[in-house]
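The values are calculated or read from the model by the stated rules, or taken from the named source; none is laboratory data. Keep in mind it's a predicted model, so treat the numbers as computed, not measured. With ideal geometry, Cβ positions are generated from the backbone for all residues, glycine too; neighbour counts draw on all protein chains shown.
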Amino acid sequence: MSNESLANLLKEERRFAPPAELAAGANVTAAAYAQASEDRLGFWAEQARRLSWAVEPTETLDWSNPPFAKWFADGRLNVAYNCVDRHVEAGLGDRVAIHFEGEPGDGRSITYAQLRDEVCRAANALLELGVAKGDRVAVYLPMIPEAVVAMLACARIGATHSVVFGGFSADAVASRIQDARAKLVITADGGYRRGKPSALKPAIDEALTKVDGVEHVLVVRRTGQDTPFTEGRDVWWHEITDRQSAEHTPEPHEAEHPLFILYTSGTTGKPKGILHTSGGYLTQAAYTHHAVFDLKPATDVYWCTADIGWVTGHSYIVYGPLANGATQVVYEGTPDTPHQGRFWEIVQKYGVTILYTAPTAIRTFMKWGEDIPAKFDLSSLRVLGSVGEPINPEAWVWYREHIGGGRAPIVDTWWQTETGAIMISPLPGVTETKPGSAQRALPGIAATVVDDEAREVPDGSGGYLVLTEPWPSMLRTVWGDDQRYIDTYWSRFSPGLTRPDGIWRYFAGDGAKKDEDGDIWLLGRVDDVMLVSGHNISTTEVESALVGHPAVAESAVVGATDATTGQAIVAFVILRGTATETPELVDELRAHVGKTLGPIAKPKQIKVVGELPKTRSGKIMRRLLRDIAEGREVGDTTTLADSTVMSLIQSQLPPTGSA
Ligand code: 6R9
């Protein structure tokens with residue numbers, strides 16, 4: 001990448017001030033930035049006091065052996081006690097912790113007192129099954145309350161959980177169980193997806209033919225479908241938990257005790273087991289949930305639509321919200337079952353006030369049309385969050401307008417499995433927001449954009465996003481592979497490795513630019529930056545320009561090898577329901593990109609398709625589209641949410657070569 005820039009083409013002039021009422025009563029004001037920059041460690045020490053410690057920490061950060069951090073190392077706490085018991089002890093036992101909404105329409109509301117009892121019973125069951133502090137437990141469950149209970153039961157007894165997304169195949173589960181050396185697996189007979197029961201347990205049975213060391217499989221009954229059972233190994237969740245005591249004394253664990261491992265797929269190589277520990281992780285998950293969503297636990301109804309199998313589910317369904325005593329919705333299923341208004345029906349039913357979802361979902365709702373949310377009462381919504389990918393300005397504006405009623409501020413939250421919690425985001429009562437920008441590092445967080453030589457770029461330029469100070473919820477290592485931790489995240493821009501300036505810089509793998517105000521715009525993974533005739537152009541910016549045209553619902557842009565320009569821009573677009581594909585429209589789209597970003601960014605080819613290849617967490621897999629654009633056989637599709645998408649796309653396209 002050349003020094004001068006990644007693309008810095010997109011001009012987005014719209015600005016939205018925080019609503020006055022929200023600003024007046026906001027949990028966090030602009031003063032937090034100043035306070036944290038004066039005394040960063042003091043700021044985090046203060047945030048750690050949101051938690052209940054059995055032994056208060058006296059140390060904040062130990063960075064004597066970088067890049068291996070210890071936070072609050074001499075403190076001891078129990079994470080499950082912090083998420084559940086302490087709220088009951090504070091007299092909030094009758095507050096609803098979880099409104100569970102099953103896909104078939106069943107549901108139950110679980111109070112903090114009930115959650116406490118369930119977590120204690122599950123913890124006692126794990127102990128009966130021989131699970132001890134330090135053991136690893138794999139969790140492979142649908143989005144049901146038992147998933148939350150299972151994670152908290154592990155945390156309570158000091159077992160490290162490794163949640164594997166319920167959509168992953170037997171092989172993917174097997175490699176994760178093997179790498180973590182899990183002793184127990186918690187699964188279910190199945191879950192409901194798209195209106196039908198979908199089996200889970202058979203994948204575990206298959207996975208366990210390939211790995212050893214798993215002593216028991218604990219099986220939640222969710223769908224009641226026929227389920228093979230291995231005598232002696234498999235145990236029904238309800239049978240074992242029903243006979244347990246609802247009392248369990250939470251033992252305090254060290255702040256640096258491993259809380260969980262979560263595997264990130266990565267584009268190459270075997271999945272990395274990202275390790276998170278207890279005190280620092282919970283501190284930042286709780287603080288950011290309080291600050292970024294302005295959570296008022298007594299009155300808000302919060303809903304994060306992520307799956308528990310992703311980091312967003314860990315930090316913003318389980319640990320952050322529960323540590324803060326929130327009332328939240330947990331929904332099992334898909335957004336279009338039984339109809340395309342299901343999300344909005346849920347918002348209306350529970351009076352959801354804070355909604356946290358992903359750009360891929362928002363673009364899908366745009367494609368379905370605004371008349372669908374318009375049928376529901378969404379007036380309870382007061383803060384809207386976005387996570388997972390850069391959000392295109394047009395999708396941002398649509399979200400604000402058609403879901404947020406033109407009032408609710410949007411917080412575009414940048415973070416990663418590795419960062420554990422939100423790092424860059426507007427604050428809803430403080431920030432004047434800009435559609436498409438995550439804007440500014442949160443109080444206590446240091447982020448910037450550097451060039452190839454690790455020099456900070458001036459405002460108005462692009463480069464690589466780096467984090468320049470350790471943070472409480474940072475990953476501690478890659479499970480079992482310290483060297484890979486150093487190589488992947490720290491070697492590119494840090495001292496002793498490649499730089500003499502003494503600053504440790506965490507390389508996130510994302511391209512970014514700073515605008516004239518110093519606000520940060522994320523430009524996608526650096527692998528997704530195109531080099532066209534010597535200019536760096538980000539796929540994100542071209543995609544946003546396309547989505548800015550009224551005929552386009554979604555787009556994915558790749559750089560294909562080109563003899564004259566190095567790379568040529570190839571765009572795949574999904575049209576909105578009202579538009580039809582014509583050569584004139586394709587020309588118009590190309591001209592529209594040229595007008596928005598400049599002629600250099602005009603796609604050489606635009607291909608109209610019905611679907612885009614996405615991972616199960618909704619990220620577009622551009623690598624597969626590059627295979628198509630370059631006329632290669634399509635590579636590994638095992639992490640796609642829907643494995644048939646690639647053949648569908650190919651069948652919709654004319655033979656390679658034509659636009
Ligand atoms: C939380 C999560 C991390 C990658 C990250 C970046 C992309 C996430 C984003 C965003 C732009 C945002 N990403 N949030 N890009 N704006 N608000 O998604 O974790 O699954 O580990 O993915 O997602 O590329 O590096 P994870």
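Quick check on my filter: what residues within region 611-630 are under 24 Å from Gly594 (Cα atoms) and small (Gly, Ala, Ser)?
Of all residues in region 611-630, those under 24 Å from Gly594 (Cα atoms) come to 612, 620, 622, 625-626, 628-630.
Hit for region 611-630 is Ala629, nothing else.
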Could you tell me whether any residue of region 536-551 is surrounded by fewer than 21 Cβ atoms within 10 Å (Cβ to Cβ) and either of a type in the set (A, V, I, L, M, F, W, C) or within 15 Å of the ligand (Cβ to nearest atom) (or both)?
-> yes
Answer yes if at least one residue in region 107-122 is in contact with a Phe, Trp or Tyr (Cβ under 9 Å, 6 or more places away or on another chain) and charged (D, E, K, R), and no otherwise.
-> yes
Where residues in region 392-410 are among the charged types (D, E, K, R) and under 15 Å from Gly369 (Cβ atoms), which of them is nearest to the chain's Cα centre (by Cα)?
-> Glu394
Would you point out the residue of region 359-389, among those that are more than 13 Å from the chain's Cα centre (by Cα) and charged (D, E, K, R), that is nearest to Thr615 (Cα to Cα)?
-> Arg363
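Filter region 603-621 down to the residues that are within 20 Å of Phe165 (Cβ to Cβ) and aliphatic (A, V, I, L, M), then identify the one that is nearest to the ligand (Cβ to nearest atom).
First pass over region 603-621, keeping only residues within 20 Å of Phe165 (Cβ to Cβ): 612-621.
Checking which are aliphatic (A, V, I, L, M) leaves us with 612, 620-621.
Details: Leu612: 16, Ile620: 11, Met621: 13 Å.
Residue satisfying both the conditions and the ranking: Ile620.
Can you name the strands (runs of 3 or more DSSP E) wholly within region 66-167 that have at least 3 residues being touching a residue at least 24 places away in the same chain (Cβ under 8 Å)? Lay out the reasoning, then the answer.
Working: elements: 68-71, 96-101, 107-111, 136-140, 160-163.
Filter on region 66-167 gives 68-71, 96-101, 136-140, 160-163.
Using the structure shown, decide if Ser437 is buried (at least 21 other Cβ atoms within 10 Å of the Cβ), within 28 Å of Ala23 (Cβ to Cβ) and in contact with an Asp or Glu (Cβ under 8 Å, 6 or more places away or on another chain). Give the steps one after another, and end with the answer.
Values: buried (at least 21 other Cβ atoms within 10 Å of the Cβ): yes; within 28 Å of Ala23 (Cβ to Cβ): yes; in contact with an Asp or Glu (Cβ under 8 Å, 6 or more places away or on another chain): yes.
Against the criterion (buried (at least 21 other Cβ atoms within 10 Å of the Cβ), within 28 Å of Ala23 (Cβ to Cβ) and in contact with an Asp or Glu (Cβ under 8 Å, 6 or more places away or on another chain)), Ser437 qualifies.
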Residue by residue through region 157-195, note down the ones that are basic (Lys, Arg) and in contact with a strand residue (DSSP E or B) (Cβ under 9 Å, 6 or more places away or on another chain).
-> Arg176, Arg181, Lys183
Qualifying positions in region 287-343 - free of Cβ contacts under 8 Å to residues at least 40 places away in the same chain, part of a helix (DSSP H, G or I), away from the ligand (no atom under 16 Å from the Cβ) and not charged (D, E, K, R) = Phe343
Is at least one residue of region 472-495 within 18 Å of Gly518 (Cα to Cα), within 16 Å of the ligand (Cβ to nearest atom) and touching a Phe, Trp or Tyr at 6+ places or on another chain (Cβ under 8 Å)?
-> no
Considering Leu295, Leu262, Leu355, which residue is surrounded by 20 or more Cβ atoms within 10 Å (Cβ to Cβ), within 23 Å of Gly93 (Cβ to Cβ) and touching a Gly at 6+ places or on another chain (Cβ under 9 Å)?
-> Leu295
Unique residue being crowded, with 24+ Cβ neighbours inside 10 Å, of a type in the set (Gly, Ala, Ser) and touching a helix residue (DSSP H, G or I) at 6+ places or on another chain (Cβ under 7 Å) when the list is Ala153, Ala147 | Ala153
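Would region 646-656 turn up any residue that is part of a helix (DSSP H, G or I), surrounded by fewer than 17 Cβ atoms within 10 Å (Cβ to Cβ), in contact with a strand residue (DSSP E or B) (Cβ under 8 Å, 6 or more places away or on another chain) and at pLDDT below 85?
First, the residues of region 646-656 that are part of a helix (DSSP H, G or I): 646-652.
Next, only the ones that are surrounded by fewer than 17 Cβ atoms within 10 Å (Cβ to Cβ) stay: 647-648, 650-652.
Subset that is in contact with a strand residue (DSSP E or B) (Cβ under 8 Å, 6 or more places away or on another chain): 652.
This time we only want the ones that are at pLDDT below 85, so: 652.
Yes, that holds for at least one residue.
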Within region 514-527, is even one residue of a type outside the set (Ser, Thr, Tyr), within 16 Å of the ligand (Cβ to nearest atom) and out of contact with any strand residue (DSSP E or B) (no Cβ under 7 Å at 6 or more places or on another chain)?
-> yes
Pick from region 411-443 the residues that are in contact (Cβ under 8 Å) with a residue 40 or more places away in the chain and outside any loop (DSSP other than H, G, I, E, B): which of them is nearest to the ligand (Cβ to nearest atom)?
-> Trp414
Selection count, region 538-566, where residues are part of a strand (DSSP E or B) and within 25 Å of the chain's Cα centre (by Cα) | 7
Of all residues in region 377-410 being of a type in the set (A, V, I, L, M, F, W, C) and within 9 Å of the ligand (Cβ to nearest atom), the one that is surrounded by the fewest Cβ atoms within 10 Å (Cβ to Cβ) = Val387
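Hey, can you tell me all the residues within region 555-568 that are surrounded by 23 or more Cβ atoms within 10 Å (Cβ to Cβ) and either small (Gly, Ala, Ser) or under 28 Å from Arg440 (Cβ atoms) (or both)? Step through it out loud before you land on a result.
Of region 555-568, the ones surrounded by 23 or more Cβ atoms within 10 Å (Cβ to Cβ) are 555-559.
Ser555, Ala556, Val557, Gly559 - these are the residues of region 555-568 that are surrounded by 23 or more Cβ atoms within 10 Å (Cβ to Cβ) and either small (Gly, Ala, Ser) or under 28 Å from Arg440 (Cβ atoms) (or both).
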Please verify whether region 455-468 includes one or more residues that are surrounded by 23 or more Cβ atoms within 10 Å (Cβ to Cβ), over 30 Å from Gly320 (Cα atoms) and of a type in the set (Gly, Ala, Ser).
-> yes
